[in-house]
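**Q** Starting off with a structure, shown below.
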Amino acid sequence: MQIETLKVFCDLVESKSFTKAAQINGVTQSAVSQQITTLERLFKSLLIERSKKQLRVTDAGQVFYDQSKQILRAYESLRSELDGIKNVVSGTIRVATIYSIGLHDLPPVIKKFLKAYPAVNVHVEYRHADQVYEDVLGSVADLGMVAYPARNAALEILSFNEDRLVVICHPRHPFAKQKSVSLNMLAGEKFVGFDSDIPTRKALDKILKKRGVQVKPVLQFDNIETVKRAVEIDAGVSILPEGTVAAEVAKQALCAIPIADGDFHRPVAAIWRKNKVLSPAMKQFLAILREEK
């Protein structure tokens, strides 16, 4: 039995998916199944109950998971300390991020990181916000990048950026001539927004509700890029983080107007599992994020 087999088992328990466990370890689903079967034969115990709908960890499997996790933490700690002694920063960092952060906030961080540590491979996958949390909690991703981070006892959170919210509109819209726009001016305006489960949508709903402003929703999307495209064709106005529309404003495809009622910001944060043994590469990546604060 090898340490990699214990890791495959723990990844399967945490992700509750043969597909995800295979993805994490770069093997086939068949290989994951075979390794679990090998463990069950070796210890003469049923560790995982399989069904078409879901898998369930048996009592023996839970004991095996708890002890395997301790072994893996000790092994990861050993590797981390040895790499630290040798000043080696290498390996892979798996990052799950929402689209807007991956397209606008993350690139300069990755560029700076890779310039300092070219031997590290940063693998970025674009996900919806709820999937980012799932990937981090399920160990599919080492780090997650989210907006309006939700508190979770199982997660560490590092806020590293706050982007001012602005009203955006088509250059021919009457708002484009204003130096600032009050939230009351949005009342009754055609509004391009986000799907109801998006954290930014929830934050904007609270801001507008607090001031008694009711907009006229015309389109809803699950990411900022599509919202921008809709505003570019004058389908309505919207409220977005200023940094995400800088390119369109420079090309005069959109106008961004400050909100007169005060400064509102979208917080951006990195999340990772508590008690996770951080590799030298992850420690340095987080150090660069802290520099961005």
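**Q** Out of [x] 1.07; [y] 0.96; [z] 1.02, which label holds the value of Rg/Rh (Cα atoms, Kirkwood Rh) that was computed here?
**A** [x]
**Q** Still on this structure, I have one more. Please state the charge dipole magnitude for the range 3-85, taken about the Cα centre, from unit charges on C-beta atoms (+1 on K and R, -1 on D and E), reported in debye and rounded to the nearest 20.
**A** Dipole about the Cα centre, nearest 20: 420 debye.
**Q** Which links in Lys115/Lys251; Lys69/Lys283; Lys111/Lys206; Lys16/Lys274 stretch past 25 Å when you go from one Cα to the other?
**A** Pairs exceeding the cut-off: Lys115/Lys251; Lys111/Lys206.
**Q** Treat the count of other C-beta atoms within 10 Å as a stand-in for reagent exposure and order Glu76, Glu291 from fewest to most.
**A** Lowest to highest Cβ neighbour count: Glu291, Glu76.
**Q** With axes computed from alpha carbons, what is the tilt in degrees of helix 3-15 against the longest principal axis of the chain, rounded to the nearest 10 within 0 to 90?
**A** 40 degrees
**Q** Once the cut-off is 20 Å, how many percent of the Cα-Cα pairs in the range 162-265 end up in the long-distance tail?
**A** 28 percent
**Q** May I pose another question? Nearest 10 degrees is fine. How inclined is helix 199-210 to the longest principal axis of the chain, computing both from alpha carbons?
**A** So the helix axis and the longest Cα principal axis differ by about 40 degrees.
**Q** Place +1 on the Cβ of every Lys and Arg and -1 on the Cβ of every Asp and Glu in the range 152-293, take the dipole about the Cα centre, and give the residue among Pro217, Ile157, Pro174 whose Cα lies farthest towards its positive end.
**A** The Cα lying farthest towards the positive end belongs to Ile157.
**Q** Return the lysines within reach of Lys210: Cα separation strictly under 17 angstrom, same-chain partners fewer than 8 residues apart disregarded; answer none if there are no such residues.
**A** The reachable lysines, counting only those whose Cα sits under 17 Å from Lys210, are Lys202.
**Q** Sticking with this structure for a sec: If you place +1 on the Cβ of every Lys and Arg, -1 on the Cβ of every Asp and Glu, and leave all else neutral, what size is the dipole of the range 85-186 about its Cα centre, to the nearest 20 Debye?
**A** 560 debye
**Q** Which listed residue (Gly236, Ser196, Gln252) has the Cα farthest towards the positive end of the charge dipole for the range 162-265, taking +1 on Lys and Arg C-beta and -1 on Asp and Glu C-beta about the Cα centre?
**A** Gly236
**Q** A follow-up question, please. Among Cys10, Thr38, Leu72, flag the residue with its Cα farthest along the positive direction of the charge dipole of the range 3-85, charges on Cβ as +1 for Lys/Arg and -1 for Asp/Glu.
**A** Thr38
**Q** On a C-alpha basis, how far is the centre of the range 101-172 from the centre of the range 207-235 in Å? Whole number, if you could?
**A** So the two Cα centres are separated by 22 Å.
**Q** Mind jotting down the distance between the C-alpha centroids of the range 245-262 and the range 1-50, whole Å?
**A** Between the Cα centre of the range 1-50 and that of the range 245-262, the gap is 50 Å.
**Q** Give, rounded to the nearest 20 debye, the magnitude of the charge dipole that the range 135-238 has about its Cα centre when Lys and Arg contribute +1 at Cβ and Asp and Glu contribute -1 at Cβ.
**A** My answer is approximately 780 debye.
**Q** Something else now. Give the order of Ser80, Ser30 when sorted by the count of other beta carbons within 10 angstrom, beginning with the fewest.
**A** Ser30, Ser80
**Q** Test of understanding: ordering Ile271, Ile259, Ile233, Ile101 by Cβ neighbours within 10 Å, fewest first, what list do you get?
**A** The most exposed by this proxy come first: Ile233, Ile259, Ile271, Ile101.
Each reported figure results from applying straightforward, stated rules to the coordinates on display, with no laboratory input. Just so it is clear, the structure is predicted and the values come from calculations on it, not from any experiment. Every residue, glycine as well, gets a Cβ built from its backbone with ideal geometry; the counts of neighbours run over all protein chains shown.
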